[in-house]
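Working notes, structure below.
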Amino acid sequence: MEELAKHFNLPVEGLSFLPILVGMYVFLLAVIIGYLVISKVPPLLHTPLMSATNAISGISLVASIVTAGSAKPVSQVLGMLAVTAATINVVGGFLITDRMLRMFKKKDQIQ
């Protein structure tokens with residue numbers, strides 16, 4: 001960080017906002033690129049895309065369980081909130097995927 005400050009002739013104390021600014025920049029780019037990519041997906045591919053996002057949500061559920069098992073109380077509370085949110089996301093995703101798959105079945109195949 002000091003080398004960056006010397007390169008741009010900035011005081012080192014003035015760079016405390018830099019990690020937050022970089023994080024916000026990356027988040028904004030991810031939102032824009034994600035929206036552009038998802039909006040271009042044809043309707044036929046929405047079900048496989050939902051299945052892939054359910055798998056990613058499952059990974060985040062495992063990570064939130066690990067976080068909830070921490071020794072620090074703040075981490076336990078945040079981990080439990082993350083477990084709740086990830087569980088709702090996974091279950092909802094599977095319900096929506098199942099509903100979409102039933103739409104592609106013939107009437108006589110539906111139980």
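Every number here is computed from the coordinates shown, using simple stated rules; none is lab data. From a predicted model like this one, the values you see are computed outputs, not experimental measurements. No Cβ is skipped: glycine too gets one built from the backbone with ideal geometry, and neighbour counts run over all protein chains shown.
Tabulated data
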{"quantity": "P(r) histogram, all alpha-carbon pairs of segment 43-111 included - 5 Å bins from 0, percent", "calculated": "4, 18, 20, 16, 13, 10, 8, 6, 4, 2, 1"}
{"quantity": "Cβ-based exposure ranking for 57, 51, in which fewest neighbours within 10 Å come first", "calculated": "51, 57"}
{"quantity": "Residue-span extension gain [residue 18 to residue 98] - 0.36 nm each, minus C-alpha spacing", "calculated": "24.4 nm"}
{"quantity": "Relative contact order %, segment 43-111, counting alpha carbon pairs below 8 Å whose residues are six or more apart", "calculated": "34"}
